[in-house]
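Structure, as structure tokens:
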Amino acid sequence: MKLNLIGLAFGIMFGGVLGASNLHEYDTIHSMLAFEELDVFFFMASAIAVSAPLLWLLERRGMKTPYGGELSLSRSKPERHHIKGGALFGIGWAIAGTCPAPALVMLSSGALLSLIAIPGIFIGLRIHERQQRNGLHVGDGEHRQFVTVSK
Amino acid sequence: MFDLLPDRLPWFVGGPILGLLIVGLFVLANQPLGASGAYVQTSNLLRRHDGVVIWRVFYFAGLFIGGVLATRVFRTGTEGVRSGYDALREVFPLGVTIPLVLGGAILLGYGAAVAGGCTSGHGMCGTAQRSPASIAVTITFMITAIATTFILRAATGGAL
């Protein structure tokens with residue numbers, strides 16, 4: 001139950017930061033990828049610059065988390081599916097000008113075509129799930145913890 | 001509704017806040033602040049699968065609620081609806097814009113599933129963990145996204 005509240009709170013804060021930074025706007029993503037405005041690159045870089053050293057420090061101290069056991073960071077080796085998935089993701093990201101979290105904020109902001117983009121993302125994920133049953137590779141990364149639970 | 005937020009939060013404020021959120025979710029629950037996984041869980045819940053990671057569904061709803069707060073409640077002059085793709089609409093008719101957005105979204109959803117994460121899961125959280133796989137994914141999607149943007153620009157004669 002507490003974990004659900006944590007999830008809700010972090011979703012609200014993450015969605016809030018994305019919305020306040022206008023990352024849900026097609027124009028923001030498009031002008032970033034066209035190198036017309038570098039703010040989003042700086043945004044991502046500064047988020048990593050803040051989190052990477054802190055995570056490194058906490059992992060080294062063997063931190064116990066209250067709801068997830070000992071802090072364990074993921075260090076997977078790059079494989080073929082990472083490159084393939086990343087390449088396709090980038091093409092879609094550039095065309096749709098959005099990605100999974102900002103697409104939801106697009107909907108919040110009253111952008112009606114997010115009602116096309118969000119189902120599209122669900123369809124893309126579902127196509128992969130169907131292929132998985134045919135023995136294709138399962139993603140790890142962020143999806144690692146439920147590889148065993150989804151049928 | 002309330003005029004509390006600037007037109008756009010500068011990157012040097014938003015980026016570090018997001019960095020602290022990434023750390024916060026790891027510190028509390030040992031989990032990455034990704035988004036595509038939340039779609040997977042929400043989809044599993046809607047299809048009544050077993051073993052749904054329910055907090056990811058709460059997180060999915062939270063993203064929407066946070067977006068409402070940032071784009072509507074704490075800002076003024078953002079009432080009403082719009083397409084969200086005015087730039088595309090200026091170049092293409094709606095009959096092209098809709099398949100383009102749908103196709104792009106399917107590609108990015110599929111790509112995120114194959115790679116095991118998206119801009120947040122691999123691009124920021126994975127890179128912050130110094131995961132070689134996440135760094136490889138991030139470099140790859142940056143390259144193809146930038147290339148796609150310039151191809152679209154060339155194909156539309158610079159209109160996009």
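Is there a residue being of a type outside the set (Ser, Thr, Tyr), within 7 Å of chain A (Cβ to nearest Cβ) and free of Cβ contacts under 8 Å to residues at least 12 places away in the same chain anywhere in the range B:70-77?
Within the range B:70-77, none of the residues are of a type outside the set (Ser, Thr, Tyr), within 7 Å of chain A (Cβ to nearest Cβ) and free of Cβ contacts under 8 Å to residues at least 12 places away in the same chain.
Could you list all residues from the range A:91-126 that are closer than 20 Å to A:Gly16 by Cα, free of Cβ contacts under 8 Å to residues at least 12 places away in the same chain and more than 7 Å from every other protein chain (Cβ to nearest Cβ)?
A:Leu115
Out of the residues in the range B:38-59 that are in contact (Cβ under 8 Å) with a residue 12 or more places away in the chain and within 16 Å of A:Arg130 (Cα to Cα), which is farthest from the chain's Cα centre (by Cα)?
B:Gln41
Starting from residues that are at pLDDT below 95 and at positive phi, keep the ones in the range A:96-150 and report whichever is surrounded by the most Cβ atoms within 10 Å (Cβ to Cβ).
Checking each candidate, the answer is A:Gly141.
Being farther than 16 Å from B:Asp7 by Cα and polar (S, T, N, Q) is the filter; apply it to the range A:1-34 and report the residue that is farthest from the other protein chains (Cβ to nearest Cβ).
A:Ser31
Of the conditions (1) part of a helix (DSSP H, G or I); (2) out of contact with any Ser or Thr (no Cβ under 7 Å at 6 or more places or on another chain); (3) touching a residue at least 40 places away in the same chain (Cβ under 8 Å), A:Ile29 satisfies every one except a single condition; which number is it?
So the condition that A:Ile29 fails would be (2).
Kindly indicate whether A:Val50 is buried (at least 20 other Cβ atoms within 10 Å of the Cβ), more than 25 Å from A:Glu129 (Cα to Cα), free of Cβ contacts under 8 Å to residues at least 24 places away in the same chain and at the interface with chain B (Cβ under 7 Å from one of its Cβ atoms).
yes
Here's the yes/no breakdown for (1) of a type outside the set (Ser, Thr, Tyr); (2) out of contact with any Asp or Glu (no Cβ under 6 Å at 6 or more places or on another chain):
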{"position": "B:Val68", "(1), (2)": "yes, yes"}
{"position": "B:Phe74", "(1), (2)": "yes, yes"}
{"position": "B:Gly77", "(1), (2)": "yes, yes"}
{"position": "B:Arg82", "(1), (2)": "yes, yes"}
{"position": "B:Ala105", "(1), (2)": "yes, yes"}
{"position": "B:Gly116", "(1), (2)": "yes, no"}
{"position": "B:Ser120", "(1), (2)": "no, yes"}
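For the range A:1-17, indicate whether the set of residues that are out of contact with any strand residue (DSSP E or B) (no Cβ under 7 Å at 6 or more places or on another chain), of a type in the set (Lys, Arg) and in contact (Cβ under 8 Å) with a residue 40 or more places away in the chain is non-empty.
There is at least one residue in the range A:1-17 that is out of contact with any strand residue (DSSP E or B) (no Cβ under 7 Å at 6 or more places or on another chain), of a type in the set (Lys, Arg) and in contact (Cβ under 8 Å) with a residue 40 or more places away in the chain.
Name the one entry in A:Trp56, A:Trp93 that is assigned to a helix (DSSP H, G or I), modelled with pLDDT of 95 or more and surrounded by fewer than 15 Cβ atoms within 10 Å (Cβ to Cβ).
None of the others qualify; the one that does is A:Trp56.
Going residue by residue through the range B:89-96, is there one that turns out to be farther than 16 Å from B:Val40 by Cβ, more than 7 Å from chain A (Cβ to nearest Cβ) and touching a residue at least 12 places away in the same chain (Cβ under 8 Å)?
Yes.
When the range B:69-79 is examined, which residues are found to be surrounded by 20 or more Cβ atoms within 10 Å (Cβ to Cβ) and not charged (D, E, K, R)?
If the condition is that a residue be surrounded by 20 or more Cβ atoms within 10 Å (Cβ to Cβ) and not charged (D, E, K, R), then B:Leu69, B:Ala70, B:Thr71 are the ones that fit.
Being crowded, with 24+ Cβ neighbours inside 10 Å and out of contact with any helix residue (DSSP H, G or I) (no Cβ under 6 Å at 6 or more places or on another chain) is the filter here; which residues of the range B:99-128 pass it?
Residue satisfying the conditions is B:Thr119 alone.
Yes/no matrix, rows are residues, columns are (1) closer than 18 Å to B:Arg130 by Cα; (2) in contact with a Phe, Trp or Tyr (Cβ under 6 Å, 6 or more places away or on another chain):
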site	(1), (2)
A:Lys2	no, no
A:Gly11	no, yes
A:Glu36	no, no
A:Ala45	yes, no
A:Gly86	yes, yes
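The values are calculated or read from the model by the stated rules, or taken from the named source; none is laboratory data. Fair warning: this is a prediction, and the values are worked out from it, not measured in the lab. When we count neighbours, we look across all protein chains shown, and the Cβ atoms used for this are built from the backbone with ideal geometry, even at glycine.
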